[in-house]
Amino acid sequence: MADGTDFTGVISSKDQLVAALFDLAEIEQTVMCQYLTAAFTIRRAGEPGVDAAQAERARRWAAGVSKVARQEMEHLALVNNLLLAIGAAPHFWRPPFPVAYGYFPVDLEFHLMSFGPDSLARFIRFEAPDPTVAIGPETGGLAAAAGGPSSGGSPLAEVSPGPARSHAAELGVALGSVQDLLTAVRDAVNNVHGFPALDDLFTGDPNKEPVQNFPLGFAMNIFEFTISGPVTATAAIDLMLEQGEGVRAQPDFSSHYVTFSDILAELLAAPFGAAWPMVQDPAPGRVSAPYALALMDAMSYAYVTTLYMLVSWYTFFHPESASGPPSGFSAALQEMSIGPMMTMQVRPLGELLTRAPSGLAGWFAGPQWAIAAADEPLVPSDDPAFFVDRLVELVRREVVVHSLAGSSQPADQPRLEYIIQSAARTAMDFAAISGSSIDRQAVMALVPSSAGASR
Amino acid sequence: MSAPAPQGAGGSAGTPPLPPAPSLQIDFEGWYLVRLTTDPDPTDDRRGVSGYTLAVAGEPDFDSWIRLNPPLSQLREPAVSLARLGAMRVGVTVSAVHAHGGELAGAEQLVGGPVELLSDPERGNPQYVGRNSLIGSDETIQFPIDPFIIQVSAPGPTPTVSLRRADVLPEPGAMWQLPSTVWSYRVGVIAPDGDGDAVPSMEVMNAINVYDFYEYYRDRTRYLQSLLAGDGLDDAGREALKTRLYAIEFFGDRIRSRLGLKRIWDFAISRASGSVEGLAGVDLESPWPISFWMGGFDGDLMMGYMRGSLFLPLLA
């Protein structure tokens with residue numbers, strides 16, 4: 001039917017399309033968080049439990065998992081470009097872990113887990129081109145693990161996942177798999193079924209899409225581009241299918257599915273404890289050590305600050321001049337959200353977390369990726385002071401972590417000082433680029449210092 | 001000594017304000033080593049994961065130290081073998097000295113001697129200070145060098161001539177604390193005379209004698225594969241080679257493009273007195289202009305090429 005209440009997995013209205021894109025955005029971000037968590041747990045050279053050769057193999061696996069996570073960020077960017085292209089609002093919220101989506105014949109549970117055969121089996125299932133494919137004997141009979149509770153988690157009780165809200169299902173669109181979801185979106189943007197409600201979809205201004213053509217493709221294997229109509233929208237969907245499941249890819253294309261399958265095969269061929277044993281689905285209660293709890297809080301705060309930056313960047317984007325130093329609010333969001341926040345805050349905090357004792361003997365903490373209740377709406381802001389205040393608050397929270405590290409993980413303090421300096425610098429640079437005010441001396445006075453932290 | 005017309009750094013557009021004659025021009029060039037992380041790895045990561053530079057098994061952690069005259073023991077093959085064969089000019093050394101408007105007896109002893117960037121007890125080892133776009137720009141690959149303390153010596157274990165001078169920032173503080181206006185003059189910038197990085201620098205390609213970047217890395221891949229196929233490697237050694245091969249394959253265009261990279265530094269070393277031994281007549285208080293480029297970065301060897309000129313004002 002062409003009245004938006006179609007139950008056959010076909011999108012027949014703009015509202016259904018927006019809802020499906022919201023689902024897609026949430027799934028992309030959810031899997032990204034899982035992949036990053038697993039990557040953070042992988043042991044590094046010089047750490048206990050791995051020799052030099054094992055550390056090299058593990059590092060290549062971390063690079064592969066991280067590459068997949070970066071491409072999920074690319075997919076998230078493309079989905080949000082598509083939302084803007086059809087005149088809808090961007091979407092950067094995701095449900096808390098653990099969560100179960102109803103997109104598969106087998107209900108797939110999303111958990112935060114250490115890197116290992118169990119998590120890899122799940123990742124393979126997420127990315128499989130055919131969701132009914134069994135993960136065979138080469139995985140040590142892990143097919144059941146891919147759909148059910150992990151066998152590699154802590155002695156703590158399994159956390160039952162909450163059901164994920166499907167925006168599309170609420171509007172009557174029934175879908176089977178993520179591939180079905182992408183196919184339905186592709187059909188909708190091309191209006192293959194001829195629904196009048198899907199005519200003239202692309203009412204947004206492509207110049208308002210902040211991720212322009214291939215800015216990072218060359219350097220980071222991330223391919224983002226402006227979406228302006230059915231052709232570019234289809235290209236985005238096809239790119240996601242190709243990179244994820246390898247659909248219509250050439251032979252030997254390193255899709256996410258192939259990447260994870262190869263890693264699992266290598267690990268099973270010469271197994272070793274490649275990861276720090278992280279408490280599954282870290283959360284207060286499951287993690288009790290004060291240092292780890294403070295670190296979890298700081299990391300979640302940094303992550304949510306990044307989400308605010310992204311949703312605001314998408315909402316209030318103004319193309320900046322191609323030459324000269326960046327200036328203006330939009331430029332501040334662009335400059336600070338990716339390199340400074342993602343690589344100099346979220347990642348190093350996550351790596352420290354997965355090495356922080358959880359309070360349960362032999363088990364370590366990990367990222368919760370929590371979005372606090374007050375932040376759930378993720379309302380975009382066009383006020384630079386909002387971001388400067390959040391960044392200064394991040395500095396304060398990290399200083400608390402640094403203080404707690406003194407008695408429990410003193411070896412973390414130098415790295416924490418570097419992270420705090422970077423957070424302070426991010427706050428000051430954000431203010432400078434956006435033309436807003438900040439008390440530089442007061443911010444710098446918050447930062448702890450020790451010998452050697454001179455740069 | 002001859003007195004050719006003053007030149008900038010290897011023909012690059014943009015020369016520093018030359019000191020009024022008389023002055024001594026010291027030209028230098030060579031390959032240097034800098035073992036550092038690359039975006040998107042955090043800049044304090046010890047060994048790299050997601051960037052194209054990786055410290056592999058058997059190698060020490062990254063220190064981001066710009067070593068203009070690295071010992072061969074710190075280099076990867078094939079740089080060691082190439083250096084011993086004389087096919088790779090490892091180490092930044094003085095290539096020529098020129099006097100302008102005056103004479104400075106003994107300055108010719110500097111030819112062939114090392115040019116060094118020295119460490120500072122408070123500011124640490126000389127680095128490209130980045131923090132992934134918080135200082136400098138990862139997008140345009142433009143970073144300040146800090147600290148900047150240059151030393152030029154005559155060759156040999158007990159040089160008869162040496163000079164040294166530190167450039168001091170106009171305000172005290174760590175780089176992360178200082179506004180960019182304080183240190184922007186120390187940022188290596190894209191050459192203004194070309195197409196930015198759209199076209200590789202011909203001067204760089206001439207200096208490193210590499211024009212086909214694809215073949216260069218195909219050669220490197222074949223070389224590493226031959227090492228991997230050889231005997232005498234332990235597990236760690238084999239895995240280290242696999243990681244180098246992985247980085248070259250995975251980062252493809254990104255790692256290749258760095259070979260044609262050129263960044264120019266033009267500023268006057270000042271705010272602290274210089275020191276000179278073995279030469280009389282150098283003005284130690286007036287600024288010493290310096291102009292150089294760094295580029296031609298081989299991300300597998302983690303080595304780049306440097307060429308430039310230091311200008312010493314002479315006392316009347």
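The values are calculated or read from the model by the stated rules, or taken from the named source; none is laboratory data. Computed from a prediction, not measured in an experiment: that's the story for all the values here. All Cβ positions, glycine included, derive from the backbone under ideal geometry; neighbour counts span all protein chains shown. SASA here: full protein model, heavy atoms, side chains in, ligands and nucleic acids out. Shrake-Rupley method; radii C 1.70, N 1.55, O 1.52, S 1.80 Å.
Remarks
- Taking every residue in B:246-253 and counting other chain Cβ atoms within 10 Å of its Cβ, the average works out to 3.
- Oblate is the label for region A:336-455, because the ratio a/c of its alpha-carbon gyration tensor axes (a ≥ b ≥ c) is 1.5 or higher and a/b is not greater than b/c.
- Mean shadow area of the protein assembly as shown over all directions, Cα convex hull, nm²: 33.4
- B:Met294 accessible area, 1.4 Å probe, all protein chains in place, Å² to nearest 10: 10
- For region A:312-424: accessible area per residue (Å², 1.4 Å): 37
- Summary of the geometry: region B:89-113 and region B:246-316, compared by the centres of their Cα atoms, lie 16 Å apart.
- Shown here: region A:407-450, whose C-alpha atoms stretch 40, 15, 14 Å along the first, second and third principal axes, sorted largest to smallest.
- Length-normalised contact order of chain B in % [C-alpha pairs under 8 Å, at least 6 apart]: 26
- Between region B:52-84 and region B:166-206, the Cα center-to-center distance that results, in Å: 24
- Stretchable slack from B:Asn125 to B:Glu215, in nm (0.36 nm times residue separation minus alpha-carbon distance): 28.9 nm
- Mean per-residue shielding of peptide A:428-435 is 2, counting Cβ atoms of other chains within 10 Å of each Cβ.
- Using a Förster distance of 45 Å, the FRET efficiency for A:Glu393-B:Ser226 (Cβ separation, nearest 0.05): 0.25
- Cα-projected label distance for A:Glu266 with A:His193, points at 7 Å along beta-carbon direction, nm: 4.3
- Note that region A:254-381 shows a convex hull volume over its alpha carbon atoms of 160 Å³ per residue.
- Across the protein chains, with a 1.4 Å probe defining accessible surface, the residues B:Glu171, A:Glu417, B:Glu139, B:Glu116 rank B:Glu139, B:Glu171, B:Glu116, A:Glu417 from largest area downward.
- Cross-link reach is defined here as a Cα-Cα straight distance under 26 Å, omitting same-chain residues fewer than 8 places apart; for A:Lys67 the lysines meeting it are B:Lys242.
- Among the residues of A:410-417, the average count of other protein chain beta-carbon atoms within 10 Å of the residue beta-carbon is 1.
- Separation of region B:134-155 and region A:353-396, taken as the distance between their Cα centroids, equals 34 angstrom.
- Looking at region B:227-316, the GluC sites (Glu not before Pro) that sit in a DSSP loop and have at most 16 other Cβ atoms within 10 Å of their own Cβ are B:Glu285.
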